[in-house]
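Read-outs: derived from the displayed coordinates by stated rules, not from any lab. Computed from a predicted model, the values in this text were never measured in an experiment. As a convention, Cβ positions derive from the backbone with ideal geometry for all residues, glycine included, and neighbour counts pool all protein chains shown.
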Amino acid sequence: MSRIENAFINGKAFIGFLTAGDPSIQKTEEFILEMARGGADLIEIGIPFSDPVAEGSVIQEANLRALSSSTTPHRVFELVASLRQKTDVPLVFLTYVNPVYNYGYEKFFSRCQALGVDGIIMPDLPFDEKDEVRDTAERFGVDIISMIAPTSKERIQKIALDASGFIYIVSSMGVTGIRNEIVTDIGAIIKSVRAVSGIPAAVGFGIATPAQAKEIIKTGADGVIVGSAIVKIIEQYGDYAGRYLYDYVKSMKDAIN
C-alpha cells in the first residue's frame, strides 16, 4: 500500500498545503513536522514559481517570499531528504509544468522516487496533455493527482477513471483563497466519481474553518484540502508559526472526524 493510500485508511483525511521556503527551508521543515504532529494525513509542498496561475494573492505572495529567500527545486528536494529521516507522512508536490520541464522529467521524477515524494499536482497540466509526463512519473512510482473542477461536467468520469493517488475536487471557480461560502454541488461531483471509481476524493479551494470542513465531509468527500488558511498563519506569525499550525491542523482534523 502506498503512502497516499495510507492517508485515507483511518477516517477522513486532512491535507495541508504550504509553500517551501516561506519564510525559509529550515522553517518549512519545522512547520511540516508540526502539521504532521497535529494530525495532517498528507502534506502538499508547493515548489515556488514566479507565475502560479491557480493561486490567489495569499499563496502568490508566499511564492514571492520563497523565491526571494533563494528557494529552488534542488533545495526543495534537500528539504524532502531531511524530512524523510523524521516522518513517513505522505508528501505531494504542488507546482507547475515549467519548473518540472526545466529540471528534466526523468531527473525530476527519479529524484522524487529516491527521496520519497509520493505524488505531484500540476494545475496547469491539461488533462488531454497528461501523457506528456505520465509515463515518466509512473515509471518512478509518482502519482499525478488529477483535478476535477465544477466545469468538468461530462469529463468527470473520464478524469476519475484515469486518476491515481487521489482526486482533487476543486470546490469553487477561480483561484485559491479563503471563501465565506461554497455553493458548488460537491455531492453531485463525488457521486459521479463514485459511479466509475473507488479512488479517494478530497475537496480543496476555499476551505478554512472547522465548520466548513464538516460541511464538506457531509457531501461524501474522503478528505479536505487547506492551503490559503495555513499560508496565512505562516504569513502572520513567520518563524514562530509552528505551534499555531499545530493547533489549527488539530482543530481541523478533529472537526472532520
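I need to check one value: relative contact order of segment 109-257, counting alpha carbon pairs closer than 8 Å and at least 6 residues apart, in percent. Walk me through the numbers on the way to the answer.
Working: 207 pairs, mean separation 26.3, N = 149.
Result for segment 109-257 is 18 percent.
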Taking r as the C-beta separation of Gln26 and Glu138 and R0 as 30 Å, the FRET efficiency to the nearest 0.05 is 0.35
Amide hydrogen neighbours beyond the local backbone of Leu42, cut-off 5 Å, H modeled = Phe14, Gly16
Whichever lysines have a C-alpha closer than 22 Å to that of Lys214, once near sequence neighbours (fewer than 8 apart) are set aside = Lys12, Lys191, Lys232, Lys250, Lys253
From the phi of every residue in segment 232-246, what ³J(HN,Hα) in whole Hz does the Karplus formula 6.51 cos²θ - 1.76 cosθ + 1.60 yield, where θ is phi - 60° and glycine or proline is x?
-> 5, 4, 5, 4, 6, 9, x, 4, 9, 6, x, 5, 6, 5, 4
Please report how far the C-alpha centroid of segment 1-31 lies from that of segment 73-142, rounded to the nearest whole angstrom.
-> 14
Convert each backbone phi in segment 22-38 into a coupling constant with the Karplus relation 6.51 cos²θ - 1.76 cosθ + 1.60 (shift: θ = phi - 60°), then list the ³J(HN,Hα) values in order as whole Hz, x for Gly and Pro.
-> 10, x, 7, 4, 4, 6, 4, 4, 4, 5, 4, 5, 5, 5, 5, 5, x
Rough spin-label spacing in nm, given labels placed 7 Å along Cα→Cβ, for Leu64 and Glu154 | 4.2
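Where a ≥ b ≥ c are the square roots of the eigenvalues of the C-alpha gyration tensor, would you call the chain rounded, which needs a/c under 1.5, or, failing that, prolate if a/b is larger than b/c, or oblate? List each step's numbers first, then the result.
Values: a/c = 1.42, a/b = 1.10, b/c = 1.29.
Because its axes are fairly even, with a/c under 1.5, the chain counts as rounded.
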Rg/Rh of segment 1-60 (Cα atoms, Kirkwood Rh), to two decimals, equals 1.02
Sequence-distant or interchain residues sharing an amide H contact under 5 Å with Ile169, placed H: which?
-> Ile148, Ala202, Val203, Gly204
